[in-house]
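A.B. asks: Here's a structure for you.
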Amino acid sequence: MMKRKMARASIKRRLLELGLVKESCSRCSVAEWRGKLLTIHLDHINGLKDDWRLENLRMLCPNCHSQTPTFSGKNRRQR
C-alpha cells in the first residue's frame, strides 16, 4: 500500500513539474480556500486506480472529488 501512495505522489509531482496539469481543480478552478492552498487530488476519471494514462487523470479539489461517482471506490461492487 505504501508503494502505491508514493507512486501517486511521485506521478502527481512529475505531472506538475512538466506542466501537464495545474495545481488547481480542473472542475471549479479553485486552488485555495480561505487564503490557504488546498490539497488537490489526482483523480482517475474512470475509477481504475491502475490506469495511469494522461487522458484518464485530472486534478480535483476535495469537494469536487467527493462528488464524483468513483470517489473512494464508490464504483466497486458491494461484496
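A.B. asks: Between beta-carbons, use under 13 Å as the cut-off and find the net charge around Arg27, counting Lys and Arg +1, Asp and Glu -1. It would help to have the intermediate numbers written out before the result.
C.D. replies: Values: positive: Lys22, Arg58; negative: Asp43.
That works out to +1.
A.B. asks: If you don't mind, another one. In terms of the Cα gyration tensor, with a ≥ b ≥ c the square roots of its eigenvalues, is the range 2-73 rounded because a/c is under 1.5, prolate because a/b exceeds b/c, or oblate?
C.D. replies: On the way: a/c = 1.60, a/b = 1.22, b/c = 1.31.
Oblate, since a/c reaches 1.5 and b/c is not below a/b.
A.B. asks: Apply the Karplus curve 6.51 cos²θ - 1.76 cosθ + 1.60, θ = phi - 60°, to the phi angles in the range 32-43 and return the couplings in whole Hz, x for Gly and Pro.
C.D. replies: 9, 9, 6, x, 10, 5, 7, 7, 8, 8, 8, 10
A.B. asks: Determine the sum of side-chain charges near Ile40: Lys and Arg each +1, Asp and Glu each -1, restricted to other residues whose C-beta is under 13 angstrom from that of Ile40. Write out the running numbers ahead of the final one.
C.D. replies: Working: positive: Arg8, Lys12, Arg13, Lys22, Arg27, Lys36, Arg58; negative: Glu23, Glu32, Asp43.
Net of charged neighbours comes to +4.
Every number in this text was worked out from the coordinates using simple rules, so none of it is lab data. The structure displayed is predicted, hence computed values, not measured ones. Please note: Cβ atoms are built from the backbone with ideal geometry, for glycine as well, and neighbour counts cover all protein chains shown.
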